[in-house]
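Values quoted throughout were computed directly from the atomic coordinates according to the rules given, and no laboratory measurement underlies them. All values derive from a computational prediction rather than experimental measurement. Glycine gets a Cβ as well: all are built from the backbone with ideal geometry, and neighbour counts include every protein chain shown.
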Amino acid sequence: MTHPTDQHPLELLILNAAFDAGGSIAMPALREAVPARGVDIRKAISTQRNLGNLRQSAADQPIALTASARAAIAAGRAHRPMMIVTMPARRCGKTAARMLRQIGADACLPGPALSIERPAA
């Protein structure tokens, strides 16, 4: 059985990017935050808008989370804590990432337990 987040990861990335930006994010900033093609981003935005999670009044306007989406993301983050580890870019190889994921798994945190941030080199 697959987890719901495995089926639509791009949509979740978009919702989380908007939440992290304070509830509203401009399209250029969203394209930088989400590693996907513009067509895929627009399709995911359209899907989430139809579900009632996003608002966008015009194509050139920033997308904004609805109040219910903000509440759901905040509740989900409170329920599923995440360790965030920032490592120097030269030290964040596959072995280090694997080790940190194992640490997150051993910590028995529910949900996505670990986010490895790689600063720009």
**Prompt:** Using modelled backbone amide H atoms (1.01 Å from N, in-plane), which distant-in-sequence or interchain residues come within less than 5 Å of Leu54's amide H?
**Reply:** Arg49, Thr66
**Message:** Rg over Rh of the range 4-77, using C-alpha atoms and the Kirkwood radius, what does it come to?
**Reply:** 0.92
**Fill in**
Residues Glu32, Glu11 in order from fewest to most other beta-carbon atoms within 10 Å are Glu32, Glu11
